[in-house]
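Notes follow once the structure below has been shown.
Nothing in this text is a laboratory measurement; each read-out follows from the coordinates by a stated rule. Only a predicted model underlies this, so the values are computations on that prediction, with no experimental measurement involved. Note that each Cβ is placed from the backbone with ideal geometry, even for glycine, and that neighbours are counted across all protein chains shown.
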Amino acid sequence: MKIFVTALTALVTVMITTTAQAFCGFYVAKADTSLFNRASQVVLVRDDDRTVITMANDFEGNVEDFAVVIPVPTMIEREQINVGDRAVIQHLDAYTSPRLVEYHDGNPCHRYELDERMRSDANLPAAAMQLKRSAKSQGVTIEASYTVGEYDILILSAAQSDGLIRWLNDNGYKIPRGAKRVVDSYLGQDMRFFVAKVNVQERSKLGYQYLRPLQVAYESNKFMLPIRLGTLNAKGKQELYIYALTRTGRVETTNYRTVKLPTDVEVPAFVEGEFGDFYRDMFARQTEKENGRAVFLEYAWDMAWCDPCAADPLSQKELRQLGVFWLGKNDRPARDTLQPQAQNVFVTRLHVRYDAEHFPEDLMFQETGDRQNYQGRYVIRHPWKGEAGCDLTQYDASVRERQEREAQLLANLTGWDIGDIREKIPFAGGIRPETGKEPWWKRLWN
Amino acid sequence: MKPLSRIRDPRYFQIAVLTTLLAFGIGILDFGIHWQNAVAILLTAQATQFIGTRLAGLPRFDPMSALITSLSLTLLLRTDLVVLACAAAVIAIGSKFVIRVKGKHVFNPANVALVTLMLLSDHAWVSSGQWGSAAIGAFGLTCLGYLVLTRARRAETTIAFLGFYAALLFGRALWLGDPMSIPVHQLQNGALLIFAFFMISDPKTTPNAALGRIVFAAVVAAIAFIIQFSYYQPNGPILALILSAPLVPAIDALLQGTHYRWEKPDARGSTHLKGVKT
């Protein structure tokens, strides 16, 4: 079997440039520059009430003038905050990405023969977060402030409901409209906040060119992700990827529909060059079909293996960096990690495009016992091109039938024009299938 | 064939509505019900009902209630193990014969099976979000249609539960200063509607007196709300019902009413019936 795998990560970048702006916290800017967080990635490690959350964002811009405000379900201390490694999230993204698989038909005159090859690619949004430290602030109790890595972290008390907003105002930050209302609601639900600002000196000392992801470990019965603040300083819909790492099985939302994206679909060969567009348009169409109110499942798999692999499974060391606390410490040296031994970790990748209108409530999750593997997998089948040595009339006809079926499926999945799709398909034997007899209503709503 | 208005046993309508929901869930929403589980639940429930009928010495085998329990279980229970689906049916139907107070079973069969399995196994869960809000409109109309067809007999449990629960959700939103779209979204939940129309409404496991049923519905709504929003656990209503069920004999002792009989839903008369009817 000749298989070609292209991980979807490159197209993540495409999506970012077109849609953009997301985060479970919100940014507050001092300068009037457009400071929008873009596609966000959140890793949720959860077992019982223990949670480790890693938040990565590809913020680009001047980091000195802004802070990020992050709600957490419980009071936290210095030791509960950490700065993570962006590369691990990139690896997790590559491992779980929807994949394009390529097959080549064997010589139709011989027995079907296939071999296998794979390629993976990763290029991922980075991380960003900041905070501001202030010695005193009128009427606001600052419970603690620390420097963690390149960040200054400030934990604010919930003693006064408007403490956080006032503190931000006092320190010259611009607050998104509607923020006070949401902050008050979170405080009413016993949530706490921390503010992160880049410590410029520490950052230059450490020498990172990008912002590393922030991690928080906490114990809370709330298995949720606060997204309401993230809708405040966003223009339009936002893109969020959630990777849940659990012990038992797949994670799903309890207050929104979790829907599997169409998978194992055969697509025309030209999709290889337009995989980003294909995936983006398919995602948009599926979102539309669910009235913009669904969370999509893109990957659900036991971390011990993959088939086909868009990237190797994460090593135990990487998983522990992400906060998978139930794994042991028997790290192997890097050279031995070619066969990663991750066990007892089930990964669920969810993708949601949201705004306040369609997702009024925060995302609530539950872990299910479902360990069935699922992956977004799209298949290209190339017809035989070489010398055949026999009459190919029958083979060509069957290939044309397949190509026409693929064209219709593609139109249906993406909303692309069927005529344009047919133009791009090199039909077998150079004969386009008869489409003139298509009833007039077939393309009326597609 | 009888005209619809002449059918007195509301279970026919329940079966029709639940079957429609199941077909809709499997065919259109594709929300992960394995047909093997459905078959296993259906057959095991009838077998358990049959054995229970023989052991309890009941005059005749009645497949209707067991069928309704099977349909509710199939709609709500998710498991990757067929053996757990069978266990659910045995627990549900078996509980009717085993856990009884004064000739009345204590727990709603589907409810006790769901909670037992969720507590004992990681392989059983309820996917409460899988209905989606788009389907809810049609779903709600179907349930209302059911109320109309059964002339809302003993519907006060359903109406009171939904009323109290909605009041708590809207009250919470007002208290937190949240937009009203949040409680509206929380009410647009398929599992909540199945619970309200086909589980807490069960006349066999709710108090005999109308006032008792309203009090009971209020208690369930309050506990469900606390589980959902103080303990942040999903499936608040399902857990609340099992916690409240032991109150029913106490409420029955305080408030006189008529023990419900499926065949005679309008019957008035003695509180106690001879024999055991399930």
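Largest GNM mean-square fluctuation among B:GLY190, B:GLY171, B:GLY212, using chain B with Cα springs under 10 Å: B:GLY171. At an R0 of 56 angstrom, the distance between the Cβ atoms of A:LYS385 and A:SER204 translates into a FRET efficiency of 0.50.
Where in chain B are the DSSP H helices whose C-alpha atoms run 15 Å or more along the long axis and whose mean Kyte hydropathy is at least -1.0?
In chain B, the long hydrophobic H runs are B:11-24, B:35-56, B:63-76, B:82-98, B:109-120, B:132-149, B:156-176, B:210-229.
Note on chain B: with a GNM built from Cα contacts shorter than 10 Å, the maximum mean-square fluctuation among B:MET118, B:MET180, B:MET64 falls on B:MET180. Extent along the principal axes, Cα only, for segment B:1-108: 42, 40, 21 Å, with the longest axis given first. Dividing the summed -39500 (n - 2.57) terms of all DSSP H runs of n ≥ 4 by the residue count of chain B sets its mean residue ellipticity at 222 nm at -20000 deg cm²/dmol. Among the trypsin sites (Lys or Arg not before Pro) in segment A:363-408, those placed in a DSSP loop whose Cβ has at most 13 other Cβ atoms within 10 Å are A:LYS385. Once both labels are positioned 7 Å from their Cα atoms along Cα-to-Cβ, the gap between A:ASP49 and B:ALA210 label points is 4.4 nm. With a cut-off of at most 10 other beta carbons within 10 Å, and DSSP calling the residue loop, which GluC sites (Glu not before Pro) in segment A:401-436 qualify? Please list them. Those satisfying the criteria are A:GLU434. With a simple spin-label model that places each label point 7 Å from the Cα along the Cα-to-Cβ direction, the separation between A:MET75 and A:ASN221 comes to 1.9 nm.
Couplings 3J(HN,Hα) for segment A:78-87, derived from phi with the Karplus relation 6.51 cos²θ - 1.76 cosθ + 1.60 (θ = phi - 60°), are 3, 5, 8, 10, 9, 10, x, 10, 4, 4 Hz, where x marks Gly and Pro.
Semi-axes of segment B:132-254's equivalent ellipsoid from the Cα gyration tensor, sqrt of 5 times each eigenvalue, largest first, rounded to whole Å?
Over the Cα atoms of segment B:132-254, the semi-axes work out to 23, 19, 12 Å.
Size of segment A:212-307: Rg and Dmax of its alpha carbons, in Å, are 16.3, 49. Under a 5 Å amide H cut-off, with hydrogens placed 1.01 Å from N, A:ARG381 pairs with A:TYR103, A:VAL267 among residues at least 5 apart or on other chains. Across segment A:391-443, counting alpha-carbon atoms alone, Rg and Dmax equal 11.6, 38 Å. Once the chain from A:SER398 to A:ALA269 is taken as fully extended at 0.36 nm per residue, the excess over their C-alpha distance is 44.8 nm.
Looking at this model, which pairs from A:LYS174/A:LYS222; A:LYS289/A:LYS424; A:LYS222/A:LYS260; A:LYS237/A:LYS289; A:LYS260/A:LYS289 are more than 20 angstrom apart at the alpha-carbon? Result: A:LYS174/A:LYS222; A:LYS289/A:LYS424; A:LYS222/A:LYS260 exceed 20 Å.
Rounded to the nearest whole Å³, what is the per residue volume of the convex hull around the Cα atoms of segment B:170-232?
Output value, Cα hull per residue: 96 Å³.
For chain B, modelled as a GNM whose springs connect Cα atoms under 10 angstrom apart, the maximal fluctuation among B:LEU67, B:LEU168, B:LEU176 occurs at B:LEU176.
Kirkwood analysis of chain B, using all unique Cα-Cα pairs, places the hydrodynamic radius at 19.1 Å. Between A:TYR299 and A:ARG349, the built amide H atoms are under 5 Å apart, and every one of these is 5 or more places off in sequence or on another chain.
Taken one residue at a time, the phi angles of segment A:392-406 give Karplus couplings (6.51, -1.76, 1.60, θ = phi - 60°) of 9, 3, 5, 4, 4, 4, 5, 5, 4, 4, 5, 5, 5, 4, 4 Hz. Gly and Pro are set to x.
Residues whose amide H lies under 5 Å from that of A:GLY249, counting only those 5 or more places away or on a different chain, are A:THR368; hydrogens are built 1.01 Å from N in the peptide plane.
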